[in-house]
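What follows is a set of notes on a single structure, which appears directly below.
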Amino acid sequence: MIAAAKLIDLLPALALLGMALTGLENAPTALAVPQSREHHRHLAARLADNVAQQDKKRSAGAKRTLRRRSDGTICKAKNTASSTFTDVSSTASATASATASAADLQVAAVDTDSSSVADVSFTDSVSSTQAASSTASSNSAQSTDVTGSLATVSTGSTTKFGLAWPNGDWATSTSPDYVGNYVGTKTSWYYTWSPFSVGSADQLNVEFVPMYWGLKQQSDWWAQQSNWPSTVKNALFFNEPNQSGQCDISAGDAVQYWMNDYLPLRSSKGVRLGGAATTNAPSGLQWVQDFKTACVQYGNSEADCTSDFVPIHWYDVTIDGFKSYVESFHDGVGQNLWVTEYACQNFNGGAQCTDQEIWNLHTEMAAWFDQQDYVERYSPFGVMKDMQGVEQYNALMNPDGSITSLGAWYAANS
């Protein structure tokens, strides 16, 4: 009896214990700590989602997110040269030469020396506002009083000067880096190292020249053609195919992309086709010549293998050397030229150009280009906040986005 009574007293406790055990048995296994394999799978899925989202953003508005990088989508600064001629080129690409890495466009303001000479003034054709008299040494850090006046210019002219523009279409008309501030009476065209145009420049009737930078722009090249403005009359092929870190492709391998992706523009849209823009290393001219030879050897007609003009790049330190290079390249190809990147810059370890030498080279070469019938177009490097290793006094844009004295001179006088 005593044992039975004790058992009866324990029944409530046993019932509670049974309920607890039942709860543990039914506990959700999802509360278990995830194994590393599942954790990695989760991270991979999230990364894939992020990549897809970024790809949609790029496809929907890439012309607003232009960057100068080395991944093939936009040009970047390249390493130092190793040739008789300075083997460099810029960015976007960007394609600024030399030692700079593929960073976003940001740079500190450059100190100026107000003691230099070469005062230059100009009169804007719209507002007749005279820019501030400036020295060559201040042309990279001093903004001239032209913001807003140049922006009202609508150009359909056939002048040779154009903008190498890696800055996208972010800026509004009130911003110092608004493209309209760089469009003067002499600005007739622009390119972006890509197939993406700049809507604000198109609204000013500036001719857009699309570029098929390299293989990684292949899908964008096709996708953007329906978005091109009616101003498109010319196009540019691969960017520095003879240079490691840029397009970097052999002449023979480039033929298929010319025939399949590029040549159709000539027949379908009546667009004039520029060849590949090579550096001023000796391999540049050789690449252009090898390309045509390989193209014909592969069974294509000479007409299909021949560009309508040949773009070139040049970075070095003397005016005479620049003229000599342009003349010799013209003799080598026997075709009209576009000079789509150039600056007074030494990448061979020697002395850099002074601010005065930079000013003299730009102003004298622009006048010389205008006198050469076989030089159809030219665009100096560069209209950007960060010159990516190139001497800042070559800049047409200040680090704050405002136009430099050199930039204002080009827009109004070149």
Quiz item: In segment 178-195, how many residues are of a type outside the set (S, T, N, Q) and farther than 16 Å from Val271 by Cα?
Solution: 8
Quiz item: When you go through Gly332, Gly350 one by one, which is the residue that is under 26 Å from Thr293 (Cα atoms) and either among the charged types (D, E, K, R) or more than 26 Å from the chain's Cα centre (by Cα) (or both)?
Solution: Gly332
Quiz prompt | Condition broken by Met387, with the remaining ones in (1) surrounded by 24 or more Cβ atoms within 10 Å (Cβ to Cβ); (2) part of a strand (DSSP E or B) satisfied | solution = (2)
Quiz prompt | Flag for Val179 being β-branched (Val, Ile, Thr), modelled with pLDDT of 95 or more, closer than 21 Å to Thr306 by Cα and buried (at least 20 other Cβ atoms within 10 Å of the Cβ) | solution = no
Exercise. Output the residues belonging to segment 390-413 that are surrounded by fewer than 24 Cβ atoms within 10 Å (Cβ to Cβ) and outside any helix (DSSP H, G or I).
Key: Glu391, Pro399, Asp400, Gly401, Ser402
Quiz prompt | Lone unmet requirement of (1) over 19 Å from Glu240 (Cβ atoms); (2) part of a loop (DSSP other than H, G, I, E, B) for Phe381 | solution = (1)
Self-check item: Count of residues meeting criterion [within 25 Å of Tyr315 (Cβ to Cβ) and charged (D, E, K, R)] in segment 208-241
Solution: 2
Exercise. Scan Ser328, Ser379, Ser324 and give me the residue that is of a type in the set (Gly, Ala, Ser) and surrounded by 20 or more Cβ atoms within 10 Å (Cβ to Cβ).
Key: Ser379
Quiz item: Which one is surrounded by the fewest Cβ atoms within 10 Å (Cβ to Cβ) among residues in segment 232-253 that are touching a helix residue (DSSP H, G or I) at 6+ places or on another chain (Cβ under 6 Å) and assigned to a helix (DSSP H, G or I)?
Solution: Gly252
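So that you can scan it fast, the table gives a plain yes or no per residue for (1) of a type in the set (Gly, Ala, Ser); (2) under 21 Å from Ser405 (Cβ atoms); (3) more than 16 Å from the chain's Cα centre (by Cα):
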{"site": "Phe161", "(1), (2), (3)": "no, yes, yes"}
{"site": "Asp177", "(1), (2), (3)": "no, yes, no"}
{"site": "Trp189", "(1), (2), (3)": "no, no, no"}
{"site": "Ser194", "(1), (2), (3)": "yes, no, no"}
{"site": "Ser197", "(1), (2), (3)": "yes, no, no"}
{"site": "Leu204", "(1), (2), (3)": "no, no, yes"}
{"site": "Asp220", "(1), (2), (3)": "no, no, no"}
Exercise. Could you grab me the full set of residues in segment 381-400 that are touching a Pro at 6+ places or on another chain (Cβ under 6 Å) and closer than 14 Å to Val183 by Cα?
Key: none
Quiz item: Which of the residues that make up segment 218-259 are acidic (Asp, Glu) and within 24 Å of Asp202 (Cβ to Cβ)?
Solution: Asp220
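The values are calculated or read from the model by the stated rules, or taken from the named source; none is laboratory data. Note that the structure is a prediction, hence the values are computed from the model and not measured. Here Cβ is always computed from backbone atoms with ideal geometry, including for glycine, and neighbour counts include all displayed protein chains.
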